[in-house]
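Worksheet: the structure to be examined is printed underneath.
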Amino acid sequence: MVAEQSIPRLVFPVISDVHIAPTGEESIHKYEQALRHLNARAPRQDAFVIVGDLTNNGTIAEYERHMNTLRKHKQGGAELLIAIGNHDYWNDLPAKEAQARFLEMTGMEAMYYHRVIQGYHFIILATEDKPTHGYFSLDQIEWLKRQLEEAAADAPERPIFVFLHQHLKDTVYGSEEWGIQENIGELMAALDPYPQVITFSGHSHYPLNDPRSIHQKRFTSVGTASVSYMEVERGKLQGNLPPGHEKFSQGCLVEVYADKVAIRRLDFAHQREIGEAWVVPVPVTPAAFIYTNERDQEPPRFPANAEAHVEAELAAWDSITIVFDQAQDNELVHSYRITLKDAETGAEVTRYLAYSEFYLYPMPEKLQLILAELDPDRTYSIEVRAMDAFGNMSEQALCTHGRTKTVSTLV
């Protein structure tokens, strides 16, 4: 007989940033792929949650395509909960008219609302206009305070689930650049007294592979990535939309047990689970928080046989191509710092940052990178150090040398 504790009391997916286009099949295909995978992983769902950006531009055609696809695959017993995203306002309508269209097309009863499902409280918030960083009014925040008080009084030992499109600033991966800014102090003050709160947000499209996609301080915050495509922070050689970003598709599956909440990260593009489930023990207490910014102090390490070399035949007058073995980490090797020095003087010339390409599956065993904007006919010493998601840097470095070509050799 299966123990009662091993059977979830409540199951619901949380996805975001579907970005259904007005024409073409790619966005529909990705959405159907995600919905089928969720149904296969969770044959019984109590709710189905979408935290914004159903559409690319909030048009009627996009909404119709989204909702028709969703109705085709959504389980009949799953209560549908949808939050509006900033892209759902991008239809040149006044905000109130864009909201009316959202309500009519999705069937939601209000822009922000509160439901109880299987004895658990679900609170859905709504950005109230189209700004990228979101707008949550003081009126809505006062409403949230009342709902949280009611939920905590009704079920003090149970988690409270809160859903919104934009991240709460300075919580999960992506929130520093894409988080809510206006009225964020008031919004955080409303949530802070309730450690049992678990928020889910999308918007940034940042991948769930990064362990910072769950964050705990006074409560728990979870990023939900994107069904449509991936984005990452700027400043790395591969760019914020690196090669392979268009093939990306991820989301979450939440299983609630008597003693815990398990949050599973799903890769819809490759039909797999990403790492181990994140687990929040119930009842929730800050003393048990493990997903904090201080959780990882261990730096990455290169394997003993790791090496770096320059592909001499790929050298140009202004660039060098470097190849090196990936480092290893207890959580995730996020990126590399590559330092170039003048080989004759030892003076530092430039630095580069590059992703480990942790967002690809499978993650490459070696990286090949072009180091550009260099001087011609110059020899550089090159040092590569690995960094994890929490900024810990490897003590050891991979070292090599490379030389750019002279301009005359290219004529």
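The values are calculated or read from the model by the stated rules, or taken from the named source; none is laboratory data. From a predicted model like this one, the values you see are computed outputs, not experimental measurements. We place every Cβ from the backbone using ideal geometry, glycine too, and count neighbours over all the protein chains shown. Heads up: the accessible areas ignore ligands, DNA and RNA and are worked out on the full protein's heavy atoms, side chains in. Shrake-Rupley method; radii C 1.70, N 1.55, O 1.52, S 1.80 Å.
Max-minus-min Cα coordinates of the chain on each principal axis give 72, 47, 44 Å, with the largest extent listed first. Computed about its Cα centre, the charge dipole of region 69-143 is approximately 420 debye, with only Lys, Arg, Asp and Glu carrying charge at their Cβ. Mind putting together the pair-distance distribution for region 286-335? All Cα pairs, 5 Å bins, whole percent per bin, short to long. With 5 Å bins starting at 0, P(r) equals 4, 15, 16, 14, 12, 12, 10, 6, 5, 3, 2, 0. If you look at the Cα atoms of region 1-109, you get an Rg and a Dmax of 15.3, 58 Å. With both labels modelled 7 Å from their Cα along Cα-to-Cβ, the ASP377 to TYR361 distance reads 5.1 nm.
Compared with the alpha-carbon gap, the fully stretched path from GLU294 to LYS247 is longer by 13.7 nm at 0.36 nm per residue.
The simple spin-label model puts a point 7 Å past each Cα toward its Cβ; for ALA347 and ALA110 those points are separated by 6.6 nm. Remark: the chain carries 42 Å² of accessible area per residue (probe radius 1.4 Å; ligands, DNA and RNA excluded). Computed over region 158-280, the P(r) tail beyond 26 angstrom holds 20 percent of alpha carbon pairs.
Taking the protein heavy atoms of region 177-329 in the context of the full set of protein chains, the accessible area attributed to carbon and sulfur is 49 percent at 1.4 Å.
Compared with the alpha-carbon gap, the fully stretched path from GLU395 to LEU93 is longer by 103.3 nm at 0.36 nm per residue.
Considering only VAL197, VAL254, TYR135, the residue lying farthest towards the positive end of the dipole of region 105-255 is VAL254, judged by Cα position with unit charges set on Cβ.
A simple spin-label model places the labels of GLU149 and ASN57 4.5 nm from each other, with each point 7 Å out along Cα-to-Cβ. Pairs of lysines in the chain whose Cα atoms sit within less than 20 Å of one another amount to 13, provided the residues are eight or more positions apart or on different chains.
Multiplying the residue separation of GLU276 and HIS309 by 0.36 nm and removing their Cα-Cα distance gives an extension gain of 8.4 nm.
State the Cα centre-to-centre distance between region 212-239 and region 266-283 in whole Å. Spelled out, the Cα-based centre of one part sits 15 Å from the other.
Rounded to the nearest 0.05, what FRET efficiency do TRP317 and ARG234 give with R0 = 30 Å and r taken as the Cβ-Cβ distance? Could you check? Calculated value: 0.65. Each part reduced to its alpha carbon centroid, region 290-306 and region 345-402 end up 18 Å apart. Separation of region 134-168 and region 8-51, taken as the distance between their Cα centroids, equals 24 angstrom.
When the helices in the chain are scored as -39500 (n - 2.57) per DSSP H run of 4 or longer and the sum is shared across all residues, what 222 nm value do you end up with, to the nearest 500 deg cm²/dmol?
So the calculated ellipticity at 222 nm is -5500 deg cm²/dmol.
Around GLY107, under 15 Å between beta carbons, what's the net of Lys plus Arg minus Asp minus Glu among the other residues? Residues close to GLY107 contribute a combined charge of -1.
Taking a ≥ b ≥ c as the square roots of the eigenvalues of the Cα gyration tensor of region 192-243, is the shape rounded (a/c under 1.5), prolate (a/b larger than b/c) or oblate?
Prolate.
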